[in-house]
Structure formats: structure tokens, C-alpha cells
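Only the coordinates and a few stated rules stand behind these numbers; no lab work does. Worth saying up front: this structure is predicted, and the values here are computed from it rather than measured. Reconstructed Cβ throughout: ideal geometry from the backbone, glycine too, with neighbour counts over all protein chains shown.
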Amino acid sequence: MLIALIAKDKAGALDIRKANRDAHLAYLKSSGDTIMMAGPFLDDAGDMCGSLIILNVADMAEAEAWAAADPYKAAGLFESVTLQAWNKVLG
């Protein structure tokens, strides 16, 4: 099951994102085949302001558990996180 994780950073949280980026990237890399693709959203100035991660998981509960263990979550970076079932058509 493919799940899109769409996260928006809290306003003014770029320093939190930068301080926790290495731990977040290590978490992504350690997740193996669970991660189909991932990357940050950018604001008008080109700064990171959120995340899009496509998870390949058995069910929504696994996606929720993955999101809960993300170092960005522990750092309090996100204003909101949405997990949405997604269907790959192209790419």
C-alpha cells in the first residue's frame, strides 16, 4: 500500500529542520524499501518548509508508526502531518 506523507513545518522552524536533518535522513536511509521517494517542499525563497514522503507499507497503521518515529516529529518540526493513501500512475 502506498501512502503519501505530507508535512508542513511550523512557521519559523527552518533552524529546527536544519538541526535535525542528518537524523531524519539517516532514518529515511535506514527504512530501506519502505521509502519510495522523499524530499522537502520549498517556499518562495527556496528554503525547506515541509516534506513529501511516499511510503510503501502494509497498512495505514504501519505508516502512522513510521511517521511517529521520524526524528522531525520528535523535534516538533511539523505544524501538520497528513497520511493519505496514494496510487502511482506514472513514474
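Tabulated data for the structure shown
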read-out	value
Candidates K18, K29 - the one that is among the basic types (K, R) and either more than 19 Å from L77 (Cα to Cα) or not in a helix (DSSP H, G or I) (or both)	K29
Residue list for region 18-30, filter: within 13 Å of the chain's Cα centre (by Cα) and loosely packed, with under 12 Cβ neighbours inside 10 Å	A26, K29
D15 being acidic (D, E) and touching a strand residue (DSSP E or B) at 6+ places or on another chain (Cβ under 7 Å)	no
Matching residues in region 42-91 - criterion: being of a type in the set (V, I, T) and either crowded, with 16+ Cβ neighbours inside 10 Å or more than 15 Å from the chain's Cα centre (by Cα) (or both)	I53, I54, V57, V81, V89
Number of positions in region 29-53 that are closer than 23 Å to K10 by Cβ and touching a residue at least 24 places away in the same chain (Cβ under 8 Å)	8
So D33, is it under 27 Å from L90 (Cβ atoms) and surrounded by fewer than 17 Cβ atoms within 10 Å (Cβ to Cβ)	yes
